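Contents: one structure, followed by commentary.
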Amino acid sequence: MKSFDSLWKILNFTILFELLSLMIKLLIFFITKLKSTTLELDLTTDINFLSNGGHILRNIAIGLFIVFGLMISKEVIYRVRHDNLLNFLKSMSGTFKIRRFLTYREILKKDDEHPQVNQTVEKYNRAVNRTVIDIWNDQLILYLKLPKEYQAQKMLKGMEAEIKEEIASAYPDYLISTFEREKNSLWLKGTRK
């Protein structure tokens, strides 16, 4: 379950480092064009420093991409051996759909073009963005991380029936049980009919 979030975090960092590396390369390109103009600037040390930083960021991005590939291949191999690869794809798409369904958008008031967001809603949305659905041939598991704030937990508790209904309608082949609380998380388990 937690590997799903780890995979996406690693992929996001990989993309971020690759974009930073690309921006540094563009900066080096523009500095060299500036240097080739009629201005007499000594920017060789700056160019070397930026070039080394770009190479380091590029190597970090490549390393993170390799880790991402290894983690994905481990999950794919496990799914092919013990389950179905299609269920892995259903798990990913179901996770994104339930996160979108649970996200709450509320803007309190707008002052000077700076909208103020309710802190309770922000904490609720932060917890909801860690929701994961794991679908297997014989079972379905929904993991919801509970927010630490009481009011945000109350918001989530008030939506339990809607969440269960949404999961039951999205996956009619599974019998869905009631929510079970374990420490700071809610689990919804379903078995195949």
Item to check | Label point distance in nm, E182-E162, each placed 7 Å from Cα along Cα→Cβ | outcome: 2.7
Checklist entry - Given the convex hull of the Cα atoms of segment 45-103, what is a quarter of its surface area in nm²? => result 6.2
Checklist outcome for this item: The lysines whose Cα lies under 17 Å from the Cα of K33, excluding any fewer than 8 residues away in the same chain, are K25
Item to check | Dimensionless Rg/Rh of the chain - Kirkwood Rh, Rg from C-alpha atoms | outcome: 1.15
Checklist outcome for this item: For segment 142-191 the translational diffusion coefficient, Stokes-Einstein from a Kirkwood Rh over Cα pairs at 25 °C and viscosity 0.890 mPa s, in µm²/s, is roughly 216
Checklist outcome for this item: Computed from the beta carbon distance with a Förster radius of 41 Å, FRET efficiency for L70 and R105 to the nearest 0.05 stands at 0.65
Checklist entry - Rounded to the nearest 20 Debye, what is the dipole magnitude of the chain about its Cα centre when Lys and Arg each give +1 and Asp and Glu each give -1 at the C-beta? => result 520
Checklist entry - So, in nm, how far is label N118 from label M92 when the simple model puts each one 7 Å beyond its Cα toward the Cβ? => result 3.4
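We did not get these values from a lab; they are worked out from the coordinates using the rules stated. What you see is a predicted model; the values in this text were computed from it and never measured. Cβ coordinates were reconstructed from backbone atoms using ideal geometry, including for glycine residues, and neighbour counts include every protein chain displayed.
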